[in-house]
Every structure is written in structure tokens, then in C-alpha cells.
């Protein structure tokens, strides 16, 4: 009888831990992602028809390019191949 009681307690502890784990997983998974501070949002009051009338072929030719965002802040990892690069001396070995 004591052995059966111990098994039931272990099953109860396991079920509680599993429930906590599932709860944490669901809580973390449902959190909204933080918005990117580099992206700004603003309302547009101009109608599409007005914008099409404004951007004539002549205005498009005279338009200057906008500054692009600085992407140096994003550090991306390079994927390195498993083999070392070939050198002229490595062909003869």
C-alpha cells in the first residue's frame, strides 16, 4: 500500500509540473512581439487618386531618392562551411 501511495504522489507531482510547463509555454507564446522602434507609423490623409495626379512622369524624373535606413545595427551571423577554403597549395596534398 505505501508503494502505491508513493506512485500516486509522483504522478500528481508530474501532472502539476506538466501543467505549469504548458501554462508557461502558452503565456510566452501568446505575448505580442515588441514593435520595431525603427519603423514609424503615421496616418495618410491623401486619397490615392490625388497621389496619382501629383506624381506625373516629369515629377518622377525630378524626384530624389530617400535616404535608406542604416542596416549596420543588425548583426547577422555568417554560415561557415565545414570545409576550410581551398588554397593553391592545398591542391597538391
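Multiply the residue separation of residue 39 and residue 57 by 0.36 nm, subtract the distance between their alpha-carbon atoms, and state the gained length in nm to one decimal.
Value of the extension gain: 3.6 nm.
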Using the basic label-point model (7 angstrom from Cα toward the beta carbon), what is the residue 28 to residue 47 distance in nanometres?
5.1 nm
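Bear in mind that the values in this text are calculations on the coordinates, not laboratory data. Everything numeric here is computed off the predicted structure, so don't read it as measured data. Cβ atoms come from the backbone with ideal geometry, glycine included; neighbour counts cover every protein chain shown.
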